[in-house]
Amino acid sequence: MSETHASRIPSLVKKFLMAASGLVLVAFVLGHMLGNLQVFEGSPAPINRYSNFLHSLGELLWLVRIFLLVCVVVHIWMAVLLTLENRRARGPGPAVKATVQASYASRTMIWSGFIVLAFILFHLADYTLQIIHPIYGSLEWVDDNRSLHDVYAMIIVGFSYPAIALFYVIALGLLCLHLSHGVSSMFQSLGLRNEKWRSWMNRFAFAFGLFLFLGFASIPAAVQFSLHSSTPILPARQILAQLQQADAKWNPDRPTPVLVNYNFPSPNTAAAAVETPSSSDSVPAAKGS
């Protein structure tokens with residue numbers, strides 16, 4: 001659509017579409033964080049079963065993914081149109097007063113949005129599509145004779161890389177800064193914020209963004225802490241040691257299942273040997289404790 005046609009969309013409609021798509025994405029981010037926090041439940045079972053349930057939805061899961069993708073596109077499109085519209089409304093003169101009154105989050109909204117988009121693409125390539133680490137697709141966990149994808153091990157091994165963990169925390173910080181401003185603006189765009197409630201809504205938006213950041217950042221922080229501490233929170237050393245052994249044997253041209261042995265007594269014990277059955281072997285039961 002040309003800029004002329006885009007300008008014909010009423011400003012109120014643009015704001016409503018941006019707020020509505022943002023609301024959907026905020027709900028998804030919240031649900032995604034709560035699902036990921038199951039990694040702290042002391043066993044691979046909760047998060048692996050949760051992941052299996054999502055994948056068992058089949059076509060419905062893909063419809064949800066497509067819907068979320070549409071929301072992302074609409075959100076970015078409306079953000080760009082509104083940014084251009086605001087610049088045209090200010091005219092060619094200096095906008096010192098507007099810049100002073102705007103918050104840091106609002107001034108950097110468009111740029112933080114694109115950085116977050118780059119992070120999402122990397123995150124999808126690494127964990128969902130498994131392009132960066134193909135061995136993730138072969139991680140299996142056996143639950144009552146059912147072979148499920150071992151998301152628990154995948155998350156821990158993924159965040160064992162300091163650069164990835166740092167990038168994740170920085171990107172999530174920008175995302176939550178983006179959301180803290182976006183949630184506040186969403187109330188205004190939907191007509192739910194006035195001068196009486198402005199201060200309360202802004203505090204709620206900040207607290208919500210901080211809550212999301214602490215929830216997401218706690219996972220890579222716990223993995224890195226567990227790798228370098230004598231009192232680990234997660235069995236990161238044991239899982240990483242086993243996956244390093246498996247990676248040396250694993251052939252991407254002829255991938256075989258990789259099962260982590262979770263039968264170690266405590267996070268401080270030495271890792272057991274990883275099980276990498278051949279295609280002719282039966283899958284051993286490596287049920288999480």
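The residues in the range 24-34 that are touching a helix residue (DSSP H, G or I) at 6+ places or on another chain (Cβ under 8 Å) and within 14 Å of Ala217 (Cα to Cα) can be counted, and the count is 4. Of all residues in the range 12-32, none satisfies being basic (Lys, Arg), more than 26 Å from Phe208 (Cβ to Cβ) and in contact (Cβ under 8 Å) with a residue 24 or more places away in the chain. Here Leu23 fulfils each of the conditions (1) more than 18 Å from His181 (Cα to Cα); (2) at pLDDT 85 or above apart from (1).
Only one entry of His75, His55 meets the criterion of being surrounded by 13 or more Cβ atoms within 10 Å (Cβ to Cβ) and at pLDDT 85 or above, and that entry is His75. Residue count for the range 186-210 satisfying the condition of being closer than 17 Å to Gly22 by Cβ, surrounded by fewer than 17 Cβ atoms within 10 Å (Cβ to Cβ) and either in contact with a Leu (Cβ under 6 Å, 6 or more places away or on another chain) or at pLDDT 80 or above (or both): 1. Residues in the range 236-289 that are of a type in the set (Gly, Ala, Ser) and at pLDDT below 50: Ala270, Ala271, Ala272, Ala273, Ser278, Ser279, Ser280, Ser282, Ala285, Ala286, Gly288, Ser289. Considering (1) without any contact (Cβ under 8 Å) to a residue 12 or more places away in the chain; (2) assigned to a helix (DSSP H, G or I), the lone condition that Leu210 does not fulfil carries the number (1). Candidates Phe28, Phe16: the one that is at pLDDT 90 or above and surrounded by 12 or more Cβ atoms within 10 Å (Cβ to Cβ) is Phe28.
Would a scan of the range 126-144 turn up a residue that is within 12 Å of the chain's Cα centre (by Cα) and touching a residue at least 40 places away in the same chain (Cβ under 8 Å)?
Within the range 126-144 (the criterion being within 12 Å of the chain's Cα centre (by Cα) and touching a residue at least 40 places away in the same chain (Cβ under 8 Å)), the answer is no, since none of the residues qualifies.
Do you know which of the residues in the range 80-95 that are among the aliphatic types (A, V, I, L, M) and under 11 Å from Ser11 (Cα atoms) is modelled with the highest pLDDT? Residue satisfying both the conditions and the ranking: Leu81.
The values are calculated or read from the model by the stated rules, or taken from the named source; none is laboratory data. Everything numeric in this text was worked out from a predicted model, so none of it was measured. Cβ sites come from the backbone with ideal geometry, for glycine too, and all protein chains shown count toward neighbours.
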